[in-house]
Amino acid sequence: MQRCRPKRKPIIKRKADLAMKTERNKLKHILIAVALPLAVGGLAALLTKNSMDIYDDIVKPAFAPPGKLFPFVWGALYLLMGIGSYLVYKADAPTAQRNGALVPYGLQLLVNFFWPLLFFKLQAFLFAFVWLLLLLFLVIAMILAFMKVSKTAAWLQLPYALWAGFAACLNFAVWYLNR
């Protein structure tokens, strides 16, 4: 009795299948990396859904941007965070170094999530300011850690650091004007 061997795909077809699978995995990792910070921001926005009413009602400094600007700025920043985290995750660096760079990323994302709750929900403006200083410290730590793994990922976070610094100034001014 002769055994039937399963037919093997031609080598070219196997390579094409592998390439397609690799591209699907790459796309999946990019989507997850971008979705995570967007989901964190979206959940925070959902929990503070009337925040722009509060923002409109508080006394603000002259340099305060209009409330309608915030969702666009934060959306862009979350997108850059996600892309940066993907670049670190996929970087050609030792696993320990990549994971080490993703720790401050995760911490800043966690701290970032709670800031709008402190500022808008609790209206604890002074505590929110101190919390924002912690966030700014973590963003800088993230940038420095990213720099060791992927310079591009680090540079993509510069707008976030600048915005967090501006937000800290704005937060302090709001506390001062509304105390």
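Since every read-out is calculated from the coordinates, none of them should be taken as a lab result. Being a predicted model, the structure only gives us computed values, none of them experimental. Here the Cβ positions follow ideal geometry from the backbone for every residue, glycine too, while neighbour counts run over all protein chains shown.
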Inset, instruction - Could you pull out which residues in the range 26-67 have an amide N less than 20 Å from a spot 7 Å beyond the Cα of N99, following the Cα-Cβ vector? - result: 29, 33
Legend entry - the chain: angle of helix 95-116 to the longest principal axis, Cα-based, in degrees nearest 10: 40 degrees
Legend entry - Within-11-Å neighbourhood charge of P66 [Cβ basis; K, R +1; D, E -1]: +1
Inset, instruction - Would you mind getting me the FRET efficiency between L162 and I30? Use the beta-carbon distance for r and R0 = 22 Å, nearest 0.05. - result: 0.35
Legend entry - Kirkwood-Stokes translational diffusion coefficient of the range 89-179, alpha-carbon pairs, 37 °C, 0.692 mPa s, µm²/s: 238 µm²/s
Legend entry - Dimensionless Rg/Rh of the chain - Kirkwood Rh, Rg from C-alpha atoms: 1.19
Inset, instruction - Give the angle, between 0 and 90 degrees and rounded to the nearest 10, that separates the Cα long axis of helix 11-47 from the longest principal axis of the Cα atoms of the chain. - result: 20 degrees
Inset, instruction - Just give me a number: lysine pairs in the chain, eight or more positions apart or cross-chain, with C-alpha atoms less than 28 Å apart. - result: 28
Inset, instruction - Can you tell me how much longer the chain between A62 and K90 gets when fully stretched, taken as 0.36 nm per residue apart minus their C-alpha distance, in nm with one decimal? - result: 5.8 nm
Legend entry - Percent RCO, i.e. relative contact order, over the range 67-179, from Cα pairs under 8 Å lying at least 6 residues apart: 32 percent
Inset, instruction - Taking every pair of alpha-carbon atoms in the range 129-179, give the share separated by more than 18 Å as a whole percent. - result: 36 percent
Legend entry - Residues F114, F146, sorted so that the one with the fewest Cβ neighbours within 10 Å comes first: F114, F146
Inset, instruction - Taking the chain as the reference, fit the longest principal axis to its C-alpha atoms, fit the long axis of helix 125-149 to the helix C-alpha atoms, and give the angle between the two in degrees, 0 to 90, nearest 10. - result: 30 degrees
